[in-house]
Amino acid sequence: MAKTIEEINEKIQSGNVVVFTAEEVIDVVRKKGTKQASREIDVVTTGTFSPMCSSGVFINLKQDKQKMKLGGGWVTLNGVQAYAGLAAADIYLGATALPDGDPRNNNSRRGRFRYGGAHVIEDLVQGKQVLLKAEGYGTDCYPRKWREQMIGFDEMNEAVLFNPRNCYQNYNVAVNLSDKPIYTYMGKLNPRLGNASYCSAGQLSPLLNDPMYRTIGIGTRLFLSGTEGYVAWHGTQHNPNVPRLENMTPRAGSGTLALVGNLKEMDPKWLRAVSFTGYGVSLSVAVGLPIPILDEEMMRFVSVSDADLKAPVIDYSRFYPTGEGKPRLREVTYAELKSGAIQLDGKDVPTGCFSSYQKAREVAEHLKSLITDGRFFLSCPVSPLPGPTEEQGDLK
Amino acid sequence: MNTKKVVLSFPPSTVEDPIIYHLIMDYGLMVNILRASIDAGKQGRVVAELKGDDNQLKNGANFLESKGVEIEPLTEEIRHIEEKCTSCTSCVPLCPTGALNVDRETWVVSHDADKCVVCLSCVDVCPYRAVTAHFQ
Ligand code: SF4
Ligand code: SF4
């Protein structure tokens, strides 16, 4: 019998809701089958904790007595430039922004990228103050031209995390076929298949548990780094038209989500700045998405395990940057990736991940307890995410 | 058989001497060089793992001292800051000795100082800056 989100919320209200994490549910479905399990289980929680460069924060600064127009001016926070092409008091600070003096990858040295936009965001969430320097051109209504002041959340009307893209539904496994080590957003890749990097929570990953976007849509409420956030839109580069396996999960990166939430309510435990040597700064956030088990099909979708999910292995020394060479070296399952090594060219290539499975588990467990304690309710999406529109052939 | 991890500081006068060769050939020690550097003043520094029995190690050490090479034990150079570590595992395949390892049940990453040869390859790899090097 099909359930509705309203019915599930009533169960949460009355304390009778049955929730499992996307990891726990695999065994339950194995034992009971999808039919029985779908009758008994109401919600399955997913989780991820992973760097995503497409992150940033909209800040609205409280004006001083003498007002100032930041729009069209110039603003830095702890030396990191924020975008000031908005209204008088609005700025956007991107996670990957770097201070002017940062050596980056100049002078043939790999940058360390010790401090950037993500670190400013992390400092604010840790309750620290940061140095605002702002220059404006002055108008009749906003006469002030310069402002320099230590500011924290108290000096902001709003601080809203807005990630144009997050929660990638599946992702590449990166390797290096060349003779030199390379430094990428997938970390350091040693030459001649020295290591393989992947970045997904696999069976716990949100969109791999709702592969056709049946329940996750615009307006879906989620756990975002310690507070409630929402799916604002489909993420940038959302591409549902990639080849899929029989279980409907994509065989390469495909769907993405744009996420929004109140930065002021976030917990430093769940939001961390990262520095990739030779690449740049990024931000890791914790995302937990609840999936309502509306019917047997949803039960089947959430019961996928790492052995049922596949990712393409890509050469980041050649194919990724230049589009030349062999597009896909192999397809591997997440179970293989998580075993510690994958087989490539007759070689055991050791694997490492950027998405913390341990944290993903913690997020999914935490969301589960919020729901069972009646502190988190599910929302009905107001509009679906774009789904596949074309018949898909095989991967090239 | 004993293993000792040591930091050897070579005075400029020894830079041309094949001291490591003598350690191997004359004192029967197995020498695994983990890191070597030489500064502008020709002061050399080698981080190495020496393997041999007690006698070989003692005689080798005497030989080094007679050449004016300072020997210091290598201890606690790499610190794994657990509060900062997210157990992402990205360092694990890049650690040559398995000192940084993940428990595949709990998915918690830990650092075993006994296995660490202080090659430093994890230091720039950890995006959360959860491993740091401390020189003595
Ligand atoms: S790379 Fe850093 S954060 Fe990730 S497991 Fe290793 S020490 Fe921990
Ligand atoms: S210094 Fe080298 S051996 Fe020690 S933990 Fe780091 S990578 Fe492993």
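Among the numbered criteria (1) open to solvent by 50 Å² or more (accessible area, probe 1.4 Å); (2) at pLDDT 95 or above; (3) out of contact with any Leu (no Cβ under 9 Å at 6 or more places or on another chain), which one does residue A:356 miss?
The single condition residue A:356 does not satisfy is (1).
Has segment A:342-352 got any residue that is buried (at least 19 other Cβ atoms within 10 Å of the Cβ) and hydrophobic (A, V, I, L, M, F, W, C)?
The initial filter retains those residues of segment A:342-352 that are buried (at least 19 other Cβ atoms within 10 Å of the Cβ), namely A:342, A:349, A:351-352.
Narrowing further to those that are hydrophobic (A, V, I, L, M, F, W, C): A:342, A:349.
Taking every residue of segment A:342-352 in turn, at least one turns out to be buried (at least 19 other Cβ atoms within 10 Å of the Cβ) and hydrophobic (A, V, I, L, M, F, W, C).
Could you say whether any residue in segment B:100-123 is within 13 Å of ligand 1 (Cβ to nearest atom), over 26 Å from residue A:280 (Cα atoms) and of a type in the set (Gly, Ala, Ser)?
Within segment B:100-123, none of the residues are within 13 Å of ligand 1 (Cβ to nearest atom), over 26 Å from residue A:280 (Cα atoms) and of a type in the set (Gly, Ala, Ser).
Do we have residue A:287 as more than 16 Å from ligand 1 (Cβ to nearest atom), open to solvent by less than 10 Å² (accessible area, probe 1.4 Å) and more than 30 Å from residue A:124 (Cβ to Cβ) here?
Details: more than 16 Å from ligand 1 (Cβ to nearest atom): yes; open to solvent by less than 10 Å² (accessible area, probe 1.4 Å): yes; more than 30 Å from residue A:124 (Cβ to Cβ): no.
Judged against the criteria, residue A:287 is not a match.
Checking the condition away from ligand 2 (no atom under 16 Å from the Cβ) and open to solvent by less than 60 Å² (accessible area, probe 1.4 Å), which residue from B:43, B:56 passes?
B:56
Among the charged types (D, E, K, R) and under 25 Å from residue A:162 (Cβ atoms): is that true of residue A:100 in this structure? Before the answer, list the steps.
Details: among the charged types (D, E, K, R): yes; under 25 Å from residue A:162 (Cβ atoms): yes.
Yes; evaluated as a whole, the condition is true for this residue.
Can you pull out every residue in segment A:71-84 that is open to solvent by 40 Å² or more (accessible area, probe 1.4 Å) and closer than 10 Å to residue A:97 by Cβ?
Residues satisfying the conditions are A:81, A:83.
How many residues are more than 10 Å from ligand 1 (Cβ to nearest atom) and either open to solvent by less than 20 Å² (accessible area, probe 1.4 Å) or within 14 Å of chain A (Cβ to nearest Cβ) (or both) when one looks only at segment B:79-89?
Residues in segment B:79-89 being more than 10 Å from ligand 1 (Cβ to nearest atom) and either open to solvent by less than 20 Å² (accessible area, probe 1.4 Å) or within 14 Å of chain A (Cβ to nearest Cβ) (or both): 1 in total.
Which one of the conditions (1) open to solvent by less than 50 Å² (accessible area, probe 1.4 Å); (2) in a strand (DSSP E or B) does residue A:162 fail to meet, given that it meets all the rest?
It is condition (1) that residue A:162 fails.
Just checking, which of A:168, A:142 is within 15 Å of the chain's Cα centre (by Cα), open to solvent by 10 Å² or more (accessible area, probe 1.4 Å) and among the aromatic types (Phe, Trp, Tyr)?
Exactly one of A:168, A:142 is within 15 Å of the chain's Cα centre (by Cα), open to solvent by 10 Å² or more (accessible area, probe 1.4 Å) and among the aromatic types (Phe, Trp, Tyr), namely A:168.
Only one of these is buried (at least 17 other Cβ atoms within 10 Å of the Cβ) and either on the phi < 0 side of the Ramachandran plot or in contact with a helix residue (DSSP H, G or I) (Cβ under 9 Å, 6 or more places away or on another chain) (or both): A:151, A:218. Name it.
Matching residue, one of A:151, A:218: A:151.
What's the total number of residues in segment A:98-120 that are under 26 Å from residue A:144 (Cα atoms) and among the hydrophobic types (A, V, I, L, M, F, W, C)? Don't jump to the end; show me each part of the working.
Step one: of segment A:98-120, the residues under 26 Å from residue A:144 (Cα atoms) are A:99-100, A:117, A:120.
Still in the list and also among the hydrophobic types (A, V, I, L, M, F, W, C): A:120.
The number of residues fulfilling the criteria is 1.
I need the strands (runs of 3 or more DSSP E) fully contained in segment A:286-396, keeping only those with at least 2 residues that are under 26 Å from residue B:128 (Cβ atoms) and within 14 Å of chain B (Cβ to nearest Cβ).
So the answer is A:341-344, A:347-353.
Which of the residues spanning segment A:50-70 are part of a strand (DSSP E or B) and open to solvent by 60 Å² or more (accessible area, probe 1.4 Å)?
A:58
Given the residues B:33, B:38, which is the only one that is open to solvent by 50 Å² or more (accessible area, probe 1.4 Å), more than 8 Å from ligand 2 (Cβ to nearest atom) and under 12 Å from the mean Cα position of the chain (by Cα)?
B:33
Got a number for residues in segment A:25-49 being open to solvent by less than 60 Å² (accessible area, probe 1.4 Å) and more than 30 Å from residue A:132 (Cβ to Cβ)? Spell out how you get there, then give the answer.
Step one: filter segment A:25-49 for residues open to solvent by less than 60 Å² (accessible area, probe 1.4 Å), giving A:25-26, A:28-29, A:33-34, A:37-38, A:41-49.
So of that shortlist, the ones also more than 30 Å from residue A:132 (Cβ to Cβ) come out as A:25-26, A:28-29, A:33-34, A:37-38, A:41-48.
The number of residues fulfilling the criteria is 16.
Consider residue A:275 carefully, then state whether it is within 19 Å of residue A:361 (Cα to Cα), of a type in the set (S, T, N, Q) and open to solvent by less than 10 Å² (accessible area, probe 1.4 Å).
No; evaluated as a whole, the condition is false for this residue.
So for segment B:59-71 (the condition being more than 10 Å from chain A (Cβ to nearest Cβ), open to solvent by 20 Å² or more (accessible area, probe 1.4 Å) and within 16 Å of ligand 2 (Cβ to nearest atom)), does at least one residue qualify?
No, because not a single residue in segment B:59-71 is more than 10 Å from chain A (Cβ to nearest Cβ), open to solvent by 20 Å² or more (accessible area, probe 1.4 Å) and within 16 Å of ligand 2 (Cβ to nearest atom).
Could you check segment A:9-27 and list, in sequence order, the residues that are touching a residue at least 24 places away in the same chain (Cβ under 8 Å), in a helix (DSSP H, G or I) and closer than 23 Å to residue A:360 by Cβ?
Correct list: A:12, A:25, A:26.
Look through B:17, B:26 and report the one residue that is farther than 28 Å from residue B:78 by Cβ, of a type in the set (Asp, Glu), at pLDDT 90 or above and not assigned by TED's automatic domain parsing to the domain that holds residue B:118.
Residue meeting the stated conditions: B:26.
Taking the options B:131, B:92, B:109, B:102, name whichever one is within 14 Å of chain A (Cβ to nearest Cβ), in contact with a helix residue (DSSP H, G or I) (Cβ under 6 Å, 6 or more places away or on another chain) and closer than 29 Å to residue A:191 by Cβ.
Testing whether each residue is within 14 Å of chain A (Cβ to nearest Cβ), in contact with a helix residue (DSSP H, G or I) (Cβ under 6 Å, 6 or more places away or on another chain) and closer than 29 Å to residue A:191 by Cβ leaves just B:102.
For every residue, the table says whether it meets (1) within 14 Å of chain B (Cβ to nearest Cβ); (2) among the β-branched types (Val, Ile, Thr).
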site: A:31; (1), (2): no, no
site: A:34; (1), (2): no, yes
site: A:69; (1), (2): no, no
site: A:87; (1), (2): no, no
site: A:109; (1), (2): yes, no
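The values are calculated or read from the model by the stated rules, or taken from the named source; none is laboratory data. Treat the numbers as computed from the prediction; the structure is a model and nothing was measured. As a convention, Cβ positions derive from the backbone with ideal geometry for all residues, glycine included, and neighbour counts pool all protein chains shown. Each accessible area value is taken on the protein alone, full model and side chains, heavy atoms only, with ligands, DNA and RNA left out. Shrake-Rupley method; radii C 1.70, N 1.55, O 1.52, S 1.80 Å.
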